[in-house]
Amino acid sequence: MSNKEVALSEAETGSRLVLSRIEVDGGMRRRLLDLGFVPGNEVEVIQRSPLGDPTAFRVSNTTIALRREESSRIFGEPEGEELA
Amino acid sequence: MNTYTVALAGNPNTGKSTLFNSLTGMRQHTGNWAGKTVLTAEGDCVRGGTRFRLVDLPGTYSLYSNSADEEAARDYIIFENPDCAIVVLDATSLERNLNLALQVLEMTSRVVVCINLIDEAEKLGIRIDLQTFRQRLGVPVVAISARHNRGVDALMELVEQVASGQLAPHPTVLTYGDEIEHKIGELEPLVRSALGTRYPTRWVALRLLDGDEGLLASLKKRLHDRAMPQSGKEGEIRYERTACH
Ligand SMILES: Nc1nc2c(ncn2[C@@H]2O[C@H](COP(=O)(O)OP(=O)(O)OP(=O)(O)O)[C@@H](O)[C@H]2O)c(=O)[nH]1
Ligand SMILES: [Mg+2]
């Protein structure tokens, strides 16, 4: 079922994902949840910085930049790929 | 003259300082980027024979991540115990904003929820069912536009009613499932015997279960200062200005 699941760090720029798992612990987990990185919520990959890190994501109507350290541990299923 | 202390809490960029300025005639920094208010500003306004001491808290998405601004906002609400807290929400981004609103509702029942930027929401075709909002949250809710001074009188009327005790809201209690509720039940009597009823017992129990070291440190410091009033002038605790980052 979650075979299409990818880490946010690997998702394509411009794509949208529905979050499935947040594999980060402690205070950072809390922070991510507070920012809207909640399973079931939709995230759009806005833009990578020239060096590839951090990446800007749009979540709950706000743009938030995450480093690979976090984005590689947040997983979601790309939207609009049912036919692919 | 009655004086009530009123805290303005909310996410960054929701118009807290705009509201603060329009009520107090002060010039707290406002602008269209996040995190402008890093100091906690205080200012007075007098309306209809009542004085309100307004406290403009830094904007935060949460009160639990233990950054300096979040701790400042949290400590103010818990330890300074304002007569009313206004939670300012962005009408165009309610889903995100409600996270903080629910956190504040767990800390105090003396709350008025203020949905700001209603003019922007109207432009976007967003309609907000205030009655459902009130029912679901259990506290007064008003829609305003701080920039255009719309709805501010109605807001301050509710604030006065809550601050004076004339209106006693009953925020909806969030429940956390059997296991956590059981542990809260075990902790609450201990919290009460250690702290009395000065602080919201259920909320403190929840923070302890969450392993909130920052809160624990703040609590210990307050208890210590209270036990030893001669060790400095903190017997009467003033809220210090707090910088972040
Ligand atoms: N259209 C509209 N804009 C508003 C309203 N209230 C505030 N603004 C604008 O929203 C922006 C942010 O307002 P601030 O008052 O600085 O927000 P804040 O909550 O104090 O922000 P932080 O200090 O970062 O937490 C400013 O550009 C304001 O002019 C409103 O009711 N309608
Ligand atoms: Mg401000």
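Couple of notes before you dig in:
- In this structure the amide hydrogen of A:N41, modeled in the peptide plane, comes within under 5 Å of the amide hydrogens of A:L19, none closer than 5 places in sequence on its chain.
- Built amide H within the under 5 Å cut-off of B:A85, gap 5+: B:A7, B:V111, B:V112
- Net charge in the neighbourhood of A:G52 (other residues with Cβ under 15 Å of its Cβ; Lys, Arg +1, Asp, Glu -1) is -2.
- In order along the stretch B:106-115, the phi-based Karplus estimate (6.51 cos²θ - 1.76 cosθ + 1.60, θ = phi - 60°) of 3J(HN,Hα) comes to 6, 8, 8, 8, 8, 10, 10, 8, 10, 8 Hz; Gly and Pro are listed as x.
- In the protein assembly as shown, lysine pairs with alpha-carbon atoms under 26 angstrom apart (chain gap of 8 or more, or interchain): 7
- Relative to the longest principal axis of the Cα atoms of chain B, helix B:152-164 runs at roughly 30 degrees.
- Built amide H within the under 5 Å cut-off of B:L54, gap 5+: B:V6, B:G43, B:D44, B:C45
- Relative contact order for chain B, counting Cα pairs under 8 Å that sit 6 or more residues apart, in percent: 19
- One equal scatterer on each Cα of the stretch B:2-164, no solvent, Debye formula: the resulting log10 I(q)/I(0) at q = 0.09, 0.10, 0.16 Å⁻¹ is -0.24, -0.30, -0.84.
- Working note: Karplus 6.51/-1.76/1.60 with θ = phi - 60° gives the stretch A:73-80 the couplings 10, 10, 10, x, 9, x, 8, x Hz, where Gly and Pro are set to x.
- Placing a label point 7 Å from the Cα of B:E179 along the Cα-to-Cβ line, the residues of the stretch A:12-44 whose backbone N sits under 18 Å from it are A:22-26, A:30.
Throughout, read-outs are computed from the coordinates displayed, never taken from laboratory work. In this text the structure is predicted, and so the values were computed from the model without any measurement. Virtual Cβ from ideal backbone geometry, glycine too; neighbours counted across all protein chains shown.
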